[in-house]
1. Quick one: is B:Val52 under 27 Å from A:Ala127 (Cβ atoms), at the interface with another protein chain (Cβ under 7 Å from one of its Cβ atoms) and not in a loop (DSSP other than H, G, I, E, B)?
2. Taking the range A:13-38 as the region of interest, how many residues are more than 7 Å from chain B (Cβ to nearest Cβ) and under 28 Å from B:Asp77 (Cα atoms)?
3. Can you confirm whether the range B:100-109 contains a residue that is of a type in the set (Ser, Thr, Tyr) and in contact with a Phe, Trp or Tyr (Cβ under 6 Å, 6 or more places away or on another chain)?
4. Taking the range A:21-52 as the search range and keeping residues that are not in a helix (DSSP H, G or I) and not polar (S, T, N, Q), which one is farthest from B:Leu81 (Cα to Cα)?
5. Let me spell it out: the conditions are (1) more than 7 Å from chain B (Cβ to nearest Cβ); (2) closer than 22 Å to B:Gly34 by Cβ, and A:Gly121 meets all of them except one. Which number is the exception?
6. Consider the range B:71-95. How many of its residues are assigned to a helix (DSSP H, G or I), closer than 30 Å to B:Thr7 by Cβ and at the interface with another protein chain (Cβ under 7 Å from one of its Cβ atoms)?
7. Please verify whether the range B:37-50 includes one or more residues that are over 17 Å from B:Ala180 (Cβ atoms) and without any contact (Cβ under 8 Å) to a residue 24 or more places away in the chain.
8. Among the listed residues B:Phe144, B:Phe169, B:Phe131, identify the single one that is at pLDDT 95 or above and touching a Gly at 6+ places or on another chain (Cβ under 8 Å).
Amino acid sequence: MNTIATPGRHPAMGNPAPYWNPYLAGFGLGLVLLAAYVIAGRGLGATGAFSTLSAWIANAISPEHALSSSVHARYLANGDTPLTAWLTWLVLGAFVGAAISGFFAGRFSLSIEKGPGVSNGQRLVLAFSGGIIAGIGSRIARGCTSGQALTGAAILNVGSLVFMIAVFVAGYAVAWALRKEWL
Amino acid sequence: MFPLSSTLELSQVASLGLAALLGVGFGFFLEKAGFGSARKLVAVFYLYDMAVVKVMFTAIVTALAGLFLLAAAGALDLAELYVEPTNYPAAIIGGLVFGAGFVIGGYCPGTSVAACATGRLDGMAFLSGIFLAAYGYAELFSGFDAWLSQSARPELTLPALTGLPMGWFVLAFIAVLALAAWGMKAAERRFSGLRP
């Protein structure tokens, strides 16, 4: 893995361990998803945690204003605060799990992942912009690759399968135009 | 009888603790798959590394087969599982926007958490964008969202849509995965020159 380290920093460890065989990692991920269904009756998710946090912040600033948005209101209606929301803890857990895996595999490094044709600054702007666009997409679709695609497809949810197809259609449609960012 | 949540009244602490534990597994396997790396993720769109599809598809087939077998054995009540309501315009518009953001930003929300956890600054930038979008969407697009909500229909799964039993879809998904595995191997060879 040839990560581009930030100036002044070096990847802390020697050679990082290779990634797992994708089918093996997918099998593990599938067992976690299955366990979520069997234990909690629901699948995985990520972006919902940020909507709960947004609604909580908006409510702390002005409850009237927060309720004037049907989206904030939806997340306030179930009575969750960021600290009592299921997805918040799932996301915090995911952070810890990834940190454990990455650290012991020698993959932790303060660095920027990018293609050879863009600068660090350009990459950060693109990552931030892409995050905003993907974030809006996930709010429109009521879920992201975890909460909608993965979770829904495992139970053959038709809407989730349609979402997943749309994600890949758009991804392949814009990939060639964006090749200078990645290739 | 599973799911546990339907037969057992879990305390809030227990429920949130289980969420954290499941999250640890979720993040662990995402990182092991290489999904803390933006270049590994977007490679799927340039066909030289299809790990994203391999991992996702295998995870879906694993969970799907597990749900089917547990239900067939009478250990799991599928009707008790939460299924997101179907909303075609939301799925299509949201999916198209999301897919563009995926390639531009290099991550999806869950994988950007794995990237942050392993020190990737671009992952942190992406995740900041996700949070800003969640807040901004609620502030600026709540009218659009309410309009979109009118298209919501009750939950709909492939067996309900087609009338075919779930087992057929399990077999079909396994068959498609086997076929796709072969196809992806060929694609990776064919496009290996695109690897930067």
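The values are calculated or read from the model by the stated rules, or taken from the named source; none is laboratory data. Everything quoted here is computed from the prediction, not taken from an experiment. Reconstructed Cβ throughout: ideal geometry from the backbone, glycine too, with neighbour counts over all protein chains shown.
1. no
2. Number satisfying all stated conditions: 1.
3. yes
4. Here the residue is A:Ala46.
5. Condition not satisfied by A:Gly121: (2).
6. Total satisfying the criteria: 1.
7. So far as the range B:37-50 goes, yes, one or more of its residues are over 17 Å from B:Ala180 (Cβ atoms) and without any contact (Cβ under 8 Å) to a residue 24 or more places away in the chain.
8. B:Phe131
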